[in-house]
1. Residue 175: which lysines have alpha carbons under 22 Å from its alpha carbon, excluding same-chain residues fewer than 8 sequence positions away?
2. With +1 on each Lys and Arg Cβ and -1 on each Asp and Glu Cβ, how big is the dipole of the chain about its Cα centre, in debye rounded to the nearest 20?
3. Have a look at the chain and give its Rg and Dmax from the Cα atoms, expressed in angstrom.
4. Cα extents of the range 88-206 along the three principal axes, largest first, in whole Å?
5. Which one of 33, 58, 73 has its Cα pushed farthest toward the positive end of the charge dipole of the chain, where Lys and Arg give +1 and Asp and Glu give -1 at the Cβ?
6. Kindly provide the trypsin sites (Lys or Arg not before Pro) of the range 17-106 that DSSP labels as loop, not H, G, I, E or B, and whose Cβ sees at most 10 other Cβ atoms within 10 Å.
7. Please order 113, 203, 89 by the number of other Cβ within 10 Å, starting at the fewest.
8. Before anything else, pin down the relative contact order of the chain: Cα pairs under 8 Å, at least 6 apart, normalised by residue count, whole percent.
Amino acid sequence: MLSTTMLLVGLCSSTGPALDQAGSSDSLVKLYQGGKTWQEFFDGARARRETWKENYQIGQPAPEAVARARAVPGSWRVLVVAEDWCGDSANTIPYLVRLVEQVPSLELRIVNSTVGRWVMVKHPTPDGRAATPTVVILDADGAERGCFVERPAALRAWAADNRGKLDDDGFQKGKMAWYRNDRGRATVADFVALLESAGGGGSGCG
């Protein structure tokens, strides 16, 4: 379990043991099938509830992003590993939910970091952590075709540049200010690019 201090500063890493899963398509599909819809997840959320609510309410994606996602051939399942207390989850996933709601070929389910830990371990952050959110794009056959881990690329670059310059409090405040200013645009852009790559036969993580 994460310590109270870690929760307060908003770290979204997980340090528990990985569950023994093969990571096959069948395993991913079963995990997805056991996940919660957005509404089920939100109804059960207790931590950062107002952040989840506000970001969902303001999370209308740009029309061009919706059009690009709708143009991707095939049907796709979006498997999300997230926790309600995680600031990165609360500032990315609501925007993806709003996109998915407007793209008939997309469906989304959310699992927690206990059952989904093996997915997180399989897709660590650039500095080697298993973190939430971890988002995996599955094709119609349940095969993994792309992933988004923790935060958008632009914010990863900001974090890499500022981590050594700021104390923990300053870093967290700066990160949350970045999220507020961006309003999910970078998250949606990264995800749509991954989806387009998957639709064109590619497979990879942002």
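No lab work stands behind these numbers, since they all come straight from the coordinates. Predicted model only: the values in this text are computed from it and were never measured. Backbone-built Cβ (ideal geometry, glycine too); neighbour counts: all protein chains shown.
1. Within reach: 53, 165.
2. Here the chain has a charge dipole of around 260 debye.
3. 15.9, 45
4. Sorted largest first, the three principal extents are 45, 29, 25 Å.
5. Positive-end residue among those listed: 58.
6. Of the trypsin sites (Lys or Arg not before Pro), the ones in loops of the range 17-106 whose Cβ has at most 10 other Cβ atoms within 10 Å are 46.
7. Final ranking by Cβ density, sparse to dense: 203, 113, 89.
8. Numbers: 330 pairs, mean separation 55.2, N = 206.
It rounds to 27 percent for the chain.
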